[in-house]
Structures are given as structure tokens and as C-alpha cells.
Amino acid sequence: MSIEASATMEIETVSSEPKPESNPLPPKPKFEPLKAHEMSDGRVQFRKVSVPPHRYSPLKKYWMDIYTPIYEHMKIDIRMNLKARKVELKTRQDTPDISNLQKCADFVQAFMLGFDVPDAIALLRLDELYVESFEIKDVKTLRGEHLSRAIGRLSGKGGKTKFAIENATKTRIVIADTKIHMLGSFANIKIARDSLCSLILGSPAGKVYSKLRQVSARLAERF
Amino acid sequence: MVTPVEAAVESLRQISTEPPVWLVPKQELSQAVRAASKLLFASLKPHCTKSPFDELLIEGFDAEQIWQQIDLQSQPLLSSLRREVKKFEKHPEEISKLKVDVEGGKKKVLEEIETENVVVNDDDDEDDDIDMDEEDEDEEEEGEEKEKGREEESENEGEEKGGIEDKFLKIKELQEYLEEDEAREFGTNKKKRKAETKKHEEDTEDEEEEGDDEENEDDTDEAEEEEEDELGLFGGDDESDEDDLGNARYEDFFSRKKSKDSEDKAKYRDMLEEDSGSDDEHVDKKVKNQRKDGLSKHEKELDELRSKIEQMEKANLDPKVWTMRGEVTAAQRQKNSALEVDLDFEHNVRPAPVITEEVTASLEDLIKTRISEGLFDDVQKAPTLSSKAPREVKELDDNKSKKGLAEIYEEEFVQKTDPASAPLTFSDELKKEASMLFKKLCLKLDALSHFHFTPKPVVEDMSIQTNVPALAMEEIAPMAVSDAAMLAPEEVFSGKGDIKEEAEMTKADRKKRRANKKRKFKAKAAKRPRANTSVRNSDEGSKV
């Protein structure tokens with residue numbers, strides 16, 4: 001019995017022995033997600049957005065509208081580098097999420113592309129919004145007057161075609177010479193792109209309107 | 001001796017018979033002919049019982065009328081004489097009887113009769129009176145001779161027999177008839193049959209044979225006849241009968257005798273040879289056709305049957321008529337052959353209605369009643385049940401949207417999650433406006449229709465009041481008198497303290513004012529985030 005006990009005990013002791021001998025494994029560490037500030041070994045994250053010359057004065061005009069949401073809601077430092085003509089964004093210590101920086105960068109980029117601040121703000125608020133750009137020459141090679149006419153067709157008289165597309169598809173469109181930028185959700189961007197491409201290719205506005213009507217009805221039905 | 005008849009005939013003959021003479025009507029010719037015809041008529045009168053005329057009326061009568069008289073007399077005569085001639089054809093012995101009694105001079109006449117019988121048969125349509133009268137004359141003579149012959153016969157028989165027979169019933173004749181019939185039925189030789197009967201005359205036989213046949217069988221037959229003449233009448237007959245019937249052989253029925261073939265019959269036989277197939281039929285036909293006196297009833301029936309059978313077999317061999325061929329297209333039948341056949345087919349189309357006055361009258365009545373009732377059977381559109389609620393048509397807005405994109409998405413999100421608190425959409429506003437209008441309308445209608453007055457419901461509505469003189473709002477015509485403002489003075493300005501104009505202010509006041517301003521500005525500047533400036537400084541510091 002004693003031997004058995006001792007054996008068991010030995011076993012037990014054996015099993016128990018190494019425990020006290022070696023240090024207990026530290027408890028599994030719980031890492032909190034890295035703050036933006038601590039990423040890359042504690043170095044600060046930067047984003048720099050260059051300012052095109054034609055957006056310089058609008059930037060000055062709407063600076064506060066841009067600055068306020070970024071600094072206060074997103075908790076990202078923002079400044080304008082006048083010499084380099086860039087808007088610089090930096091994470092703060094209390095930046096909750098690293099994606100904030102990217103969102104802010106996108107927001108500022110959208111503004112630089114030509115979108116209005118209330119439209120670009122949506123980028124900050126919603127995740128699923130994207131900005132897509134393409135050129136007219138991607139769709140069809142047009143030169144000279146044809147190009148001008150295509151641009152005119154795209155925007156319409158007083159911009160009404162563009163607005164019609166925007167309202168129907170819940171997107172925002174910026175036509176900058178030969179470049180076209182669209183802001184919105186993925187599906188809506190697709191629809192807007194289709195309409196714009198058909199306009200570039202030459203279909204009349206009425207046709208595009210009718211298609212848009214159908215599409216918008218379908219979109220409205222879904223909700 | 002010259003009978004008036006002969007005189008008349010002679011006179012007629014004297015008149016020239018050349019046709020050209022008759023072309024021009026001449027008085028003397030007509031008179032002579034009329035006289036002659038009158039005489040002939042008178043001569044024939046005693047033989048004709050049915051004639052209504054006693055004599056031929058000539059004076060003042062037309063040629064047509066004279067002819068009609070003659071016709072009336074001669075028609076019944078002709079038929080009776082024809083009967084007599086036929087009888088003589090069957091029983092030439094009677095002619096010989098006549099001949100026996102009559103003088104030999106009459107032989108000539110009989111020969112004439114024979115020839116003229118042939119003539120009679122050939123020339124039927126003779127318009128001249130001459131031939132007619134001659135025929136009448138000859139036949140009349142023949143009739144007289146026949147009658148005489150018959151009377152003698154009957155006298156002979158009457159002597160021999162006794163009480164049973166009288167002038168009507170003659171057993172002899174009855175027996176003869178029966179024998180003839182039997183002979184016809186069994187197809188025995190006619191010559192033998194003739195031999196059975198009583199008296200033959202060689203001459204008649206000869207004449208007959210000459211008249212009808214090509215061959216002569218005079219000698220044997222004559223011998224037989226003579227023998228049988230010697231025998232008793234009845235007994236001889238019986239024996240001859242039995243001999244004939246008992247001795248009936250195949251040859252009697254189907255003998256190949258070549259007797260009595262006229263040219264016509266030879267031709268017919270040739271035709272038969274070409275057409276018919278079997279030899280037996282052939283032979284039969286030949287035999288039968290060769291028979292002079294016609295066939296027995298049975299034989300005739302058989303002939304008919306045979307011909308019918310031939311016809312039918314021929315029809316079967318030939319290709320069928322198009323009407324019997326089933327489906328036939330127009331190309332397979334002759335042109336216009338369908339017109340000749342009475343076709344019967346179903347008409348799928350109702351035949352067009354025949355428009356009569358009654359039909360039109362009925363239609364018009366119907367129209368009138370319908371118009372009066374106003375029952376027009378107009379087509380009414382079937383009401384379409386709308387299964388779905390009418391979809392809201394979202395109009396395309398051409399204008400720049402006043403809401404930012406973010407706001408749009410915000411609204412969407414809110415609508416998804418919490419539809420109640422969602423801001424009103426455009427359609428909702430429209431609905432609201434519509435309901436407002438309807439309420440107003442209902443109020444007015446209620447006011448008009450109810451006895452008890454219901455005041456307007458109070459709708460609290462916020463509206464901006466502009467500071468415009470009341471009169472300007474109420475009256476169009478501007479009146480310079482009253483400038484009473486809508487707003488109360490304290491609403492215009494609610495200020496405190498001593499308010500001085502710019503000109504009134506002293507230097508101290510101005511300084512005071514500036515100092516206040518600066519204070520306020522400083523306070524404002526202090527409120528703005530100061531961190532900005534601090535960060536900038538730190539950045540600048542780090543850069544350096």
C-alpha cells in the first residue's frame with residue numbers, strides 16, 4: 001500500500017513536481033487591437049493628399065467644413081502643407097481605428113477630385129461607398145468637336161442630365177473635362193457608369209432617361 | 001275484161017310519169033288524176049267497212065283534203081292486209097290453196113304479189129296515188145284468194161269431222177297450232193313441221209325457198225309431203241309427230257346446217273364470229289340465226305342472256321369508267337365530264353338567304369323596335385380588375401439635389417430600420433396636401449348641408465409675419481395716412497439701455513464701445529480649439 005501510495009504519490013509528485021519547479025506559463029496575453037498610433041512600432045501613420053491647383057481656393061473656402069469632422073469625429077490630425085500643396089493627415093493617440101485615417105484620406109481625395117463636402121462626408125459615414133473614375137477615351141476615342149459634344153451630352157443643358165443620373169442612382173458625378181468621377185455604392189456606380197457610357201457612345205438623353213426611370217423604379221421597389 | 005279499176009289504172013299510166021311534168025300545176029292533169037282516184041276509191045269501198053265516205057269527194061276540194069279522204073279509207077285496209085300478208089308468210093300453203101281454186105292465170109299475179117311484197121317492204125314512203133292504189137288492188141285480190149282458200153279448207157274439214165267442230169272451233173287448226181308451238185320450243189326442223197301439216201304445194205315451197213334461201217331442198221321434202229298427204233290426216237300427223245320428237249337428235253338442236261342465209265345474215269354471222277369466243281355459242285348462234293322463222297321463246301331468252309353476259313364481261317375487261325374509279329382528279333377524266341354526272345357533295349356553307357320582301361320587312365321592324373327601346377347591343381369594355389396597387393412612379397428630378405449624398409443614405413438607412421420615424425417622402429407630402437384639400441372641401445360641404453353650424457377646426461400654423469403696415473396687407477389702395485405697423489414696437493426692437501446715435505457719441509463712449517468689442521472677440525478666439533496651434537508647433541519642432 002505504501003509502495004502503491006508512494007507510487008501514486010510518486011506519480012503525483014512526479015506530475016506535481018515539475019509544476020512547482022518550472023515557472024507557470026504566463027496567462028495567455030490578451031492583446032488589444034493596436035491603436036493607430038502604435039502601429040509600425042509606435043510610429044505615426046501619415047497620409048498625404050495632393051491638392052490640384054483648381055481645388056486650391058475651394059479648399060480654402062471649405063477648410064473648416066473639412067477640418068471639423070476629420071479632427072473631431074475621426075480623430076485624425078489634418079493640416080495643409082502650403083509649400084508642397086498637400087493636405088497631410090496623421091493619426092493621433094486617441095484615434096480609435098486605423099481605418100479612420102484611410103477614410104479621411106479618401107474623403108479629402110474625393111474633395112480634391114471635385115466632389116462637394118456634404119457628398120464627400122458620406123465617405124466618412126458609410127463604409128460601402130467608393131469613388132470610381134474613368135476617362136472618355138476609355139469608352140470611345142473622340143477627338144475635337146466630337147469630344148466636346150460628348151461632354152456636352154453627358155452633362156446636358158444646365159447639367160440636368162447629370163443631375164437626373166445622380167438623383168436616379170443615388171450617386172454623385174463629377175465631370176472634369178475628359179475625366180469622369182463617380183461616388184456612390186457599388187451597384188449604383190455601375191448603373192451610373194452604364195448610363196454615362198451610353199451617353200458617350202451617342203445615345204440620346206431621352207433614351208437614357210427612360211432607362212433610368214426603369215432602374216430607379218426597380219431600385220425603389222427593392223426597399 | 002276491163003274493170004273500172006283497170007281502166008282507171010290504165011288512164012293513170014297514160015299520163016306521163018316523168019317528174020318534170022308535175023312541176024307545173026296543170027288543170028287537165030289534175031282532173032284526170034282525180035277522176036281515176038275516184039274510181040279506185042269506189043272500187044275499194046266494198047272491202048272497207050270503217051270508211052265514213054261513200055265516194056271520194058273531188059269537186060271544190062283541195063289536194064290535201066282528197067288525200068285525207070283516201071288516207072282515212074286506206075289506213076285500216078292497209079293494216080288488215082298486212083296481217084294477211086304475214087299470215088301468208090307463215091303459211092304459204094294457204095296461198096297455194098287460193099291458187100288451187102283460182103285459175104292458173106293467177107299464178108302470174110301471185111308472182112307479182114311475191115315481188116311486190118318485197119317492194120311493199122322496201123318502199124314505204126310513197127306519196128303518189130298510183131303505187132298505193134296498185135298495192136291496194138293487189139292486196140285486195142290476195143285477200144280474196146286467201147279467203148276463198150280458207151273457206152274450202154274449212155269445208156273439207158267440216159265434212160270429215162262431225163259435231164264438235166263448227167266454223168269457229170277447228171280442232172285441226174288447234175292441233176296445227178300446238179304442233180307449231182312445240183316445234184318452236186324444241187327447235188325441230190321447220191321443214192319437217194311443215195311436212196306434218198296438211199296440204200303443201202310444191203310451187204309455194206319452191207317460191208318460198210327461192211324467195212328466202214339460196215339452197216333448194218325441194219325433192220326430199222316434196223316426196224315426204226306427198227307421202228304424208230296420202231296418209232290419213234290425224235294419224236299421219238301423229239306419226240309424223242312421234243317420229244320427229246323421238247328422232248330428235250343432237251343434230252336437230254345443234255346442227256350446222258347452212259340453210260337460209262341471206263346476205264344480211266351472213267354478215268351478221270361474220271360479226272358474231274369476230275365477237276364471240278366459244279364455238280358452241282358460235283354454232284348455236286349460227287344455227288339460230290339460220291333458222292328462218294325466228295327462234296323459240298326459250299332460245300330468244302338464252303340469246304338475250306348470252307348477249308348480256310358478253311356485254312358485262314366486256315365491261316369488266318375494259319378499264320372502268322371514271323365515276324367508278326374512286327378518287328379522280330381533273331387530269332384523269334375528260335374535260336367537262338363532271339358536268340354530265342350528277343354529283344352529290346356536302347355544302348359546308350349555308351346557302352345565301354333569299355332576300356324577299358318579307359325578310360326585309362322583318363328586318364326593318366326589328367330595327368325600329370330596337371331604336372325605340374334603345375337596345376343597341378353595344379360592346380361594353382370588360383372591367384379590368386387591378387390586382388396590384390398602382391405603383392408610385394418616381395419622376396426623374398433634373399435639378400441638383402439639395403440633400404447631400406450622406407443625407408440621402410441616412411434617410412435610406414432610417415427607412416430600412418425604423419420606417420415610422422422616417423422623414424416624409426415626396427409622395428407623402430403630396431398625400432398630405434391632398435388630404436388637406438379634401439378636408440377643406442368636406443368642411444364646406446358640411447356647412448352647406450347641415451342645419452347645425454360647425455365652426456372651422458383650428459389648425460395651428462406657424463407663419464412668418466412680416467413687418468408690413470397692416471393697411472398694406474388689408475387694402476390695396478395705398479393710403480398715406482396710417483403707418484401702423486403689424487408688429488408691436490417691442491417686437492421690432494427689444495433693446496436695453498441708453499441708445500445713442502453715432503453722431504451723439506462722445507469719445508469716451510466710442511472707446512467704451514471698442515473695448516467691449518475687443519473683449520468679445522478675445523472671448524471668441526479663446527473658445528476656438530487651441531490644440532491646433534499647439535500641434536502645429538510640435539510638428540514644426542519635430543521636423544526641425
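The values are calculated or read from the model by the stated rules, or taken from the named source; none is laboratory data. The structure displayed is predicted, hence computed values, not measured ones. Don't worry about glycine lacking a Cβ; one is built from the backbone with ideal geometry, like all the others, and counts go over all protein chains shown. We work out accessible area using only protein heavy atoms, side chains counted, and drop any ligands, DNA or RNA first. Shrake-Rupley method; radii C 1.70, N 1.55, O 1.52, S 1.80 Å.
Quick check: anything in the range B:370-392 part of a loop (DSSP other than H, G, I, E, B) and either touching a residue at least 12 places away in the same chain (Cβ under 8 Å) or at the interface with chain A (Cβ under 8 Å from one of its Cβ atoms) (or both)? I'd like the intermediate steps shown before the answer.
From the range B:370-392, those part of a loop (DSSP other than H, G, I, E, B) are B:374-392; that's our starting set.
Then keep just the ones that are either touching a residue at least 12 places away in the same chain (Cβ under 8 Å) or at the interface with chain A (Cβ under 8 Å from one of its Cβ atoms) (or both); that gives B:391-392.
Looking for residues that are part of a loop (DSSP other than H, G, I, E, B) and either touching a residue at least 12 places away in the same chain (Cβ under 8 Å) or at the interface with chain A (Cβ under 8 Å from one of its Cβ atoms) (or both), one finds at least one in the range B:370-392, hence yes.
Do we find a residue being touching a residue at least 12 places away in the same chain (Cβ under 8 Å), surrounded by fewer than 10 Cβ atoms within 10 Å (Cβ to Cβ) and more than 30 Å from A:Leu219 (Cβ to Cβ) anywhere in the range B:328-342?
Yes, that holds for at least one residue.
Can you tell me which residue is nearest to the other protein chains (Cβ to nearest Cβ) among those in the range A:162-186 that are open to solvent by 30 Å² or more (accessible area, probe 1.4 Å) and aliphatic (A, V, I, L, M)?
Going through the qualifying residues, I end up with A:Ile175.
So is A:Ile70 in contact with a helix residue (DSSP H, G or I) (Cβ under 8 Å, 6 or more places away or on another chain), free of Cβ contacts under 8 Å to residues at least 60 places away in the same chain and assigned to a strand (DSSP E or B) or not?
Working: in contact with a helix residue (DSSP H, G or I) (Cβ under 8 Å, 6 or more places away or on another chain): yes; free of Cβ contacts under 8 Å to residues at least 60 places away in the same chain: yes; assigned to a strand (DSSP E or B): no.
The answer is no for A:Ile70.
Can you say whether A:Lys75 is among the basic types (Lys, Arg) and either more than 12 Å from chain B (Cβ to nearest Cβ) or in contact with a Ser or Thr (Cβ under 9 Å, 6 or more places away or on another chain) (or both), as far as the supplied structure shows? Outline the logic, then answer.
On the way: among the basic types (Lys, Arg): yes; either more than 12 Å from chain B (Cβ to nearest Cβ) or in contact with a Ser or Thr (Cβ under 9 Å, 6 or more places away or on another chain) (or both): yes.
Yes: the conditions hold for A:Lys75.
Across the range A:176-223, which residue is nearest to A:Asp138 (Cα to Cα) among those that are free of Cβ contacts under 8 Å to residues at least 12 places away in the same chain and aliphatic (A, V, I, L, M)?
A:Ala187
What are the residues in the range A:104-122 that are of a type outside the set (A, V, I, L, M, F, W, C), in a helix (DSSP H, G or I) and either within 13 Å of chain B (Cβ to nearest Cβ) or surrounded by 24 or more Cβ atoms within 10 Å (Cβ to Cβ) (or both), if any?
We begin by selecting, within the range A:104-122, every residue of a type outside the set (A, V, I, L, M, F, W, C); these are A:106, A:109, A:114, A:116, A:118-119.
Filter again for in a helix (DSSP H, G or I), leaving A:106, A:109, A:118-119.
Residues satisfying the conditions are A:Pro118, A:Asp119.
To keep it simple, each residue is scored yes or no on (1) without any contact (Cβ under 8 Å) to a residue 24 or more places away in the chain; (2) within 13 Å of chain B (Cβ to nearest Cβ); (3) in a helix (DSSP H, G or I).
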{"position": "A:His146", "(1), (2), (3)": "yes, no, yes"}
{"position": "A:Arg149", "(1), (2), (3)": "yes, no, yes"}
{"position": "A:Leu154", "(1), (2), (3)": "no, no, yes"}
{"position": "A:Lys160", "(1), (2), (3)": "yes, yes, yes"}
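Out of B:Ser534, B:Ser542, B:Ser435, B:Ser538, I need the residue that is hydroxyl-bearing (Ser, Thr, Tyr), in a helix (DSSP H, G or I) and modelled with pLDDT of 80 or more. Which one?
Numbers: B:Ser534 fails: modelled with pLDDT of 80 or more; B:Ser542 fails: modelled with pLDDT of 80 or more; B:Ser538 fails: modelled with pLDDT of 80 or more.
One residue alone meets the criteria, B:Ser435.
Condition first: away from every other protein chain (no Cβ under 14 Å), surrounded by 13 or more Cβ atoms within 10 Å (Cβ to Cβ) and hydroxyl-bearing (Ser, Thr, Tyr). Now tell me which residues in the range A:123-144 satisfy that.
A:Ser133
Could you list all residues from the range A:92-125 that are within 18 Å of A:Gly184 (Cα to Cα) and without any contact (Cβ under 8 Å) to a residue 12 or more places away in the chain? Full working, then the answer.
Going residue by residue through the range A:92-125, those that are within 18 Å of A:Gly184 (Cα to Cα) are A:102-125.
Hits for the range A:92-125 are A:Pro118, A:Arg125.
Scan A:Pro20, A:Pro24, A:Pro58 and give me the residue that is modelled with pLDDT of 70 or more, open to solvent by 40 Å² or more (accessible area, probe 1.4 Å) and out of contact with any Leu (no Cβ under 7 Å at 6 or more places or on another chain).
Working: A:Pro20 fails: modelled with pLDDT of 70 or more; A:Pro58 fails: open to solvent by 40 Å² or more (accessible area, probe 1.4 Å).
Just one listed residue meets the conditions, A:Pro24.
Within the range B:343-385, track down each residue that is more than 38 Å from the chain's Cα centre (by Cα) and open to solvent by less than 100 Å² (accessible area, probe 1.4 Å). Don't jump to the end; show me each part of the working.
Taking the range B:343-385 and keeping what is more than 38 Å from the chain's Cα centre (by Cα), we get B:368-385.
Scanning the range B:343-385 gives B:Thr369, B:Arg370, B:Ser372, B:Gly374, B:Leu375, B:Ala382.
Give B:Lys320, B:Lys314 a once-over and let me know the one that is part of a loop (DSSP other than H, G, I, E, B), farther than 30 Å from B:Asp252 by Cβ, open to solvent by 100 Å² or more (accessible area, probe 1.4 Å) and without any contact (Cβ under 8 Å) to a residue 24 or more places away in the chain. Even if it seems obvious, please write down each step before you answer.
On the way: B:Lys314 fails: part of a loop (DSSP other than H, G, I, E, B).
Selected residue: B:Lys320, the only one of B:Lys320, B:Lys314 that is part of a loop (DSSP other than H, G, I, E, B), farther than 30 Å from B:Asp252 by Cβ, open to solvent by 100 Å² or more (accessible area, probe 1.4 Å) and without any contact (Cβ under 8 Å) to a residue 24 or more places away in the chain.
Check whether at least one residue in the range B:418-426 is within 14 Å of chain A (Cβ to nearest Cβ), at pLDDT below 85 and not in a loop (DSSP other than H, G, I, E, B), and report yes or no.
Taking the range B:418-426 as the starting set, the residues that turn out to be within 14 Å of chain A (Cβ to nearest Cβ) are B:418-419, B:422, B:425-426.
From what is left, the residues that are at pLDDT below 85 are B:418-419, B:422, B:425-426.
Retained after the next criterion (residues that are not in a loop (DSSP other than H, G, I, E, B)): B:419, B:426.
Checked against the condition, which is being within 14 Å of chain A (Cβ to nearest Cβ), at pLDDT below 85 and not in a loop (DSSP other than H, G, I, E, B), the range B:418-426 yields at least one hit.
Could you identify the single residue in B:Ser435, B:Ser463, B:Ser401, B:Ser449 that is under 30 Å from A:Leu129 (Cβ atoms) and more than 60 Å from the chain's Cα centre (by Cα)? Working first, answer last.
Details: B:Ser435 fails: under 30 Å from A:Leu129 (Cβ atoms); B:Ser463 fails: under 30 Å from A:Leu129 (Cβ atoms); B:Ser449 fails: under 30 Å from A:Leu129 (Cβ atoms).
The match here is B:Ser401.
I'm checking my understanding of the structure. Among residues of the range A:199-223 that are surrounded by fewer than 16 Cβ atoms within 10 Å (Cβ to Cβ), of a type outside the set (A, V, I, L, M, F, W, C) and over 25 Å from B:Lys416 (Cα atoms), which one is farthest from the other protein chains (Cβ to nearest Cβ)?
So the residue we want is A:Gly202.
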